[in-house]
Amino acid sequence: MAANDTDRAAQRGIQSIEVGGQLLRALVHHGRPMALKDLAREADMTAAKAHPYMVSFGRLGLIEQDRASGHYLLGPLALQLGLISLQQADPVHIATPLIAEVAQRIGHTVALAVWGARGATIVRTAESPSPVHVNMRHGTVFSLTNTASGRVFAAYLEAGTVRQLLDAERQRQKQRKAGEEPPAAGMPPQPPLPSWGEFERQLQEVRAHGISRSEGEVIEGVSAMAAPVFDHTGAIVLSVTAIGPAAIFDTAWDGEIARALKACAGTVSARLGATSAGRKASAPLDP
């Protein structure tokens with residue numbers, strides 16, 4: 001037997017299960033109870049053909065039928081499967097292989113950052129294939145106010161958390177000024193921190209575009225963009241961040257880099273059970 005034939009035999013499934021699965025997909029896609037005729041139409045089959053599948057799914061607990069309307073909805077077994085899947089979903093594990101593909105596609109280094117005790121912190125990186133690139137190190141903590149990753153988290157975290165972090169960053173800046181510490185080599189002087197109102201306007205821009213950007217704020221000649229990843233509760237759990245030399249880094253809101261990052265973040269969010277309607281944004285900060 002040829003290798004291709006062997007592969008096909010090993011992957012052979014049960015067609016009737018795959019056919020019936022289209023009915024379950026229709027229920028998941030619409031997210032509401034559906035009549036049999038509507039389910040059948042979505043699955044491209046007759047109601048008479050769809051009904052036996054729904055009976056079997058009901059016996060398994062994958063669906064149940066509302067007695068009043070006769071409409072079908074997902075059952076207790078489907079709920080249990082979904083909850084277990086969400087518990088097993090690791091955002092970093094899901095996103096890690098994807099950022100390598102994004103780095104290859106856009107030609108810039110891409111990193112994953114999670115929210116840690118000190119702020120947005122790099123946990124994974126995929127180096128740029130280009131000989132001209134910017135390195136990011138594991139464990140690096142991004143500034144809340146003047147980095148793309150910091151602002152993307154601030155845009156979707158609870159307002160109280162953001163307010164406390166901005167106060168803490170303001171206090172650290174005062175302490176550095178009091179000690180008259182010069183900026184690190186190659187680093188520009190840190191600009192004054194924004195007021196509550198100014199920062200909220202920046203965060204509104206992030207929410208409007210669904211992505212954050214930074215142009216030469218941390219290191220002159222270096223730009224970055226960051227897209228948010230959400231879990232099934234609508235909470236932000238990761239940022240997918242690209243960084244590179246400003247001369248060759250496209251920071252357009254609808255440019256290639258923005259589209260690639262948002263697509264990657266969207267794929268991970270979908271794997272985590274997120275929906276666009278459920279994404280949480282922080283409340284406006286007081287001026």
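The values are calculated or read from the model by the stated rules, or taken from the named source; none is laboratory data. Because the structure is a prediction, the values reported are computed rather than measured. All Cβ positions, glycine included, derive from the backbone under ideal geometry; neighbour counts span all protein chains shown. Surface accessibility is based on the protein's heavy atoms, side chains included, excluding ligands, DNA and RNA. Shrake-Rupley method; radii C 1.70, N 1.55, O 1.52, S 1.80 Å.
Couple of notes before you dig in:
- Checklist (1) surrounded by fewer than 20 Cβ atoms within 10 Å (Cβ to Cβ); (2) at pLDDT below 90; (3) acidic (Asp, Glu); (4) not in a loop (DSSP other than H, G, I, E, B) applied to residue 205, failing item: (2)
- All conditions but one from (1) open to solvent by less than 40 Å² (accessible area, probe 1.4 Å); (2) over 26 Å from residue 116 (Cα atoms); (3) not aliphatic (A, V, I, L, M) apply to residue 253; the one that does not is (1).
- Yes/no for residue 176 being modelled with pLDDT of 75 or more and open to solvent by 80 Å² or more (accessible area, probe 1.4 Å): no
- For residue 263, the criteria (1) modelled with pLDDT of 90 or more; (2) under 19 Å from residue 151 (Cβ atoms); (3) out of contact with any strand residue (DSSP E or B) (no Cβ under 7 Å at 6 or more places or on another chain) hold in every case but one, which is (2).
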